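Here the structure comes first, spelled out in structure tokens, and everything after it is commentary.
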Amino acid sequence: PRLIDAPGLDADATTVATYVAETWGNTGPGVAPWHETADDYLTASFSGYFARRDLAVDDLPASATAVRATSRPTPTGERVTVTLEQIHASALIPWRLVTVEMLVVDVDGRALVASFEVLA
């Protein structure tokens, strides 16, 4: 797995979403679940959602990098779409490219991810 550099606290919506997407796309032995690693960039309610679920860390390493990120404004925040490409795969992880979409909202002047959906 890759170590992803966290953005600054003043990062824009696209930067924050890209960081969260890349963190989600990197798993492996000894790596905390992505939502724990990215907790500072998730809204409290979104983070709380994961706290109520049992999400085991995959024992097989995978590594991904963002190859494209686009955003568009919505009434509640920015909708950011990030395309990830696997750069290190395992036989049990079935994707090479995957697109994820996140809603990034402003909370006290910070961009935080409020939802996350895998599109393809």
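The values are calculated or read from the model by the stated rules, or taken from the named source; none is laboratory data. Keep in mind it's a predicted model, so treat the numbers as computed, not measured. Every residue, glycine among them, receives a Cβ derived from its backbone with ideal geometry; neighbour counts consider all protein chains shown. The area values use the complete protein model at the heavy-atom level, side chains included, leaving out ligands, DNA and RNA. Shrake-Rupley method; radii C 1.70, N 1.55, O 1.52, S 1.80 Å.
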**Prompt:** Which ones in the range 62-75 are at pLDDT below 90 and in contact with a Ser or Thr (Cβ under 7 Å, 6 or more places away or on another chain)?
**Reply:** 62
**Prompt:** Hey, among 29, 94, 33, which residue is modelled with pLDDT under 85 and touching a helix residue (DSSP H, G or I) at 6+ places or on another chain (Cβ under 9 Å)?
**Reply:** 33
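Quickly run through the range 96-119 and pick out the residues that are part of a loop (DSSP other than H, G, I, E, B) and either open to solvent by 80 Å² or more (accessible area, probe 1.4 Å) or among the β-branched types (Val, Ile, Thr) (or both).
96, 108, 119
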**Request:** Look through 59, 10, 39, 54 and report the one residue that is at pLDDT 70 or above, out of contact with any Leu (no Cβ under 8 Å at 6 or more places or on another chain) and loosely packed, with under 12 Cβ neighbours inside 10 Å.
**Result:** 10
**Asked** How about the range 93-116: which of its residues are aliphatic (A, V, I, L, M) and under 18 Å from residue 19 (Cβ atoms)?
**Response** 98, 100, 102, 103, 104, 105, 107, 111, 112, 113, 114
